[in-house]
């Protein structure tokens, strides 16, 4: 099997492409998937969140009553994904998936592969390499293990060649395990770890590095102008930068766009006043980012405080880190 245009974010969270993955369950899942997608684009109330979870639970119960275990597992996986990505609570998401595995993990259910992949992803977010390794070992013993021999031809973004290291790959291996290995590699960049001492040349020609910014709180922002969650939050980032920059906050924007000049023009148009790094994809690769936008909030000592910080969470963290009352 040859893999083309594979985004690692979709390997780690294979549920993201709902229109194809859940096509056979469109009647049951399409409404709640649409609701979750809508909620993910803005601020939502507790009542709206509770309604979405109740709808998922209703699909779960209906599928269980009908003996459709594939749909049960799919709905649980979606619930865990929403909890991890929207509520930013990977531990609670793991609890949902652990319970699913206790109930159905010993049966041959194709959707169970996604449960293992998501578990590895969430342990990776928590920086728990041992947890990722444990999930990988358990998956290899599971009846849903998808061992197959395949050539790996992956792409960063759309058409840039990329190689994923598969340290435990044998002559026959698994796409799911490959994505779990990516999650394991990412544990070194979870909150609590030192951020690697990246060095760069910014768009003005000045040299910079994380080490040179010690003493400041730094948001290392890997961005793409076409990535909707990032572009939607750009106005908030501009305002936060203007408010906190003189108090010790810096942003380093690393463009993931292949067209550096287009990224430069966009940044100027959008009045992105912080240092910009263009045409240096090796910085993203060092952090195991392959095409997806992400950010890292790094404290004054170079320690990662949080990942993918957006909205009101960023100024709240800055007030604590900069001791602003």
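Annotations for the structure displayed:
- Any hit, segment 244-256, residues being part of a loop (DSSP other than H, G, I, E, B) and over 22 Å from residue 205 (Cα atoms): yes
- Leading residue by the ranking (modelled with the lowest pLDDT) among those in segment 261-280 that are outside any helix (DSSP H, G or I) and in contact with a strand residue (DSSP E or B) (Cβ under 7 Å, 6 or more places away or on another chain): 280
- Of the set (1) surrounded by fewer than 18 Cβ atoms within 10 Å (Cβ to Cβ); (2) on the phi < 0 side of the Ramachandran plot; (3) out of contact with any helix residue (DSSP H, G or I) (no Cβ under 7 Å at 6 or more places or on another chain), all apply to residue 248 but (2).
- Qualifying residue in segment 234-250 (condition: closer than 22 Å to residue 89 by Cα, within 21 Å of the chain's Cα centre (by Cα) and not assigned by TED's automatic domain parsing to the domain that holds residue 179): no
- Identity of the residue in segment 1-31, modelled with pLDDT of 70 or more and surrounded by 14 or more Cβ atoms within 10 Å (Cβ to Cβ), that ends up farthest from residue 310 (Cα to Cα): 28
- Test: residue in segment 313-321 that is surrounded by fewer than 19 Cβ atoms within 10 Å (Cβ to Cβ) and not in a helix (DSSP H, G or I): no
- Hey, residue 167 modelled with pLDDT under 90 and either within 20 Å of residue 222 (Cα to Cα) or not assigned by TED's automatic domain parsing to the domain that holds residue 210 (or both) or not: yes
- Residue selected from segment 89-105 under the condition in contact (Cβ under 8 Å) with a residue 24 or more places away in the chain and under 28 Å from residue 307 (Cα atoms), by the criterion farthest from the chain's Cα centre (by Cα): 100
- Remark: pairs (first residue in segment 285-300, at positive phi; second residue outside any loop (DSSP other than H, G, I, E, B); Cβ separation under 6 Å; 6+ apart in sequence or on different chains) = 288/185; 288/186; 291/156.
The values are calculated or read from the model by the stated rules, or taken from the named source; none is laboratory data. Just so we're clear, the structure is a prediction, and the values are computed from it rather than from any experiment. We place every Cβ from the backbone using ideal geometry, glycine too, and count neighbours over all the protein chains shown.
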